[in-house]
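In what follows, a single structure is set out as structure tokens and then discussed.
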Amino acid sequence: MKIDNTLAAVVTGGASGLGQATAEALAAAGTNVAIFDLNEEAGQAVAQAIGGLFCKVDILDEASVEAGLAKARAAHGQERVLVHCAMANRKGKTVGRNRETGELTRFSTEDYAFAIEGILVATYRLASLSALGMASLDPLEDGERGTIVLTSSAAAQDAQVGQVAYGSAKAGVNGLVLPMARDLMDLGIRVNAIMPGIFNTPLLARNSQKVLDGLNASVPFPKRMGRPEEYASLALELVRNTYFNAQSIRLDGAIRMAPR
């Protein structure tokens with residue numbers, strides 16, 4: 001798919017981190033970008049900087065997603081590109097001990113369900129609603145109508161202690177890729193996922209320098225955390241290269257997570 005000013009794209013989580021870098025890269029290539037995020041101040045700032053559109057969207061709320069898609073499509077037309085970076089999560093060990101009392105505790109079913117909703121269900125929600133719209137478009141070269149890039153994680157394959165919800169939800173995202181790509185093949189819509197390792201996002205940047213140095217040192221090569229623009233570069237290649245389909249690709253500097 002040629003990335004130019006004839007394309008409309010939706011990037012979730014576009015107010016910061018991986019989503020922001022992807023929105024910036026798509027806009028630099030000429031694409032009309034709509035940013036979906038809950039952070040209105042940051043999202044508006046990014047949208048203004050790239051000449052895009054901000055839509056305040058809660059990925060946990062189907063009506064909110066549908067309203068965001070309607071706003072984006074009214075401004076830019078039906079999107080041919082969706083890059084889904086947003087998520088909501090809770091973490092904890094399946095069974096652990098309270099550090100103060102020594103009492104055994106369990107990661108609650110409700111907390112687990114929230115993470116599944118915020119990662120796996122939200123991913124399906126965004127991808128399926130976007131695909132429904134893409135299916136109405138005229139086909140491009142090779143009969144392609146659209147492409148979907150999902151965000152999984154290296155934790156889908158080697159999640160650490162305290163990541164039972166995150167790891168299994170991200171594994172579920174990988175599990176979506178092939179059957180969804182097969183569901184959409186007759187419509188000319190591709191589905192792929194990126195599995196980032198440790199990336200230098202604003203969330204991680206809140207840690208101490210000692211922690212950041214340790215994270216950098218843990219990556220085999222190059223000896224640093226990933227940069228959001230490196231995620232964006234791969235996302236754009238997955239959009240461009242029509243022969244990429246039904247793939248979940250690690251982007252991690254060869255890291256394999258230790259248990260802790």
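Bear in mind that the values in this text are calculations on the coordinates, not laboratory data. Remember, predicted model here, so these are calculated numbers, not experimental data. With ideal geometry, Cβ positions are generated from the backbone for all residues, glycine too; neighbour counts draw on all protein chains shown.
By the beta-carbon count within 10 Å of each Cβ, the least crowded to most crowded order of THR12, THR22, fewest first, is THR12, THR22.
Neighbour counting of Cβ atoms within 10 Å sorts the residues ASP111, ASP37, fewest neighbours leading, into ASP111, ASP37. With R₀ set to 35 Å, the beta-carbon distance separating ALA135 from ALA88 gives a calculated FRET efficiency near 0.80.
When you filter the chymotrypsin sites (Phe, Trp or Tyr not before Pro) in the stretch 167-260 for DSSP loop state and at most 16 other Cβ atoms inside 10 Å of their Cβ, you are left with TYR243.
Between VAL211 and ASP183, the modelled labels are 3.7 nm apart [label points 7 Å from Cα along Cα→Cβ].
Our note on the geometry: Cα centres of the stretch 162-216 and the stretch 87-141, 11 Å apart. The Kirkwood hydrodynamic radius of the stretch 160-220, based on inverse pair distances between different Cα atoms, is 14.4 Å. From most to least packed by mean Cβ count within 10 Å, the peptides 132-142, 184-194, 153-163 give 184-194, 153-163, 132-142. Across the chain, C-alpha contacts under 8 Å between residues 6 or more apart give a mean separation that, scaled by the residue count, equals a relative contact order of 20 percent. Between the listed residues VAL57, ALA72, ALA113, the Cα displaced farthest toward the positive end of the dipole of the stretch 1-157, a dipole computed from Cβ unit charges relative to the Cα centre, is found at ALA113.
So for the chain, if I pair up every lysine 8 or more residues apart or on another chain, how many of those pairs have alpha-carbons under 18 Å apart?
Summing the qualifying lysine pairs gives 4.
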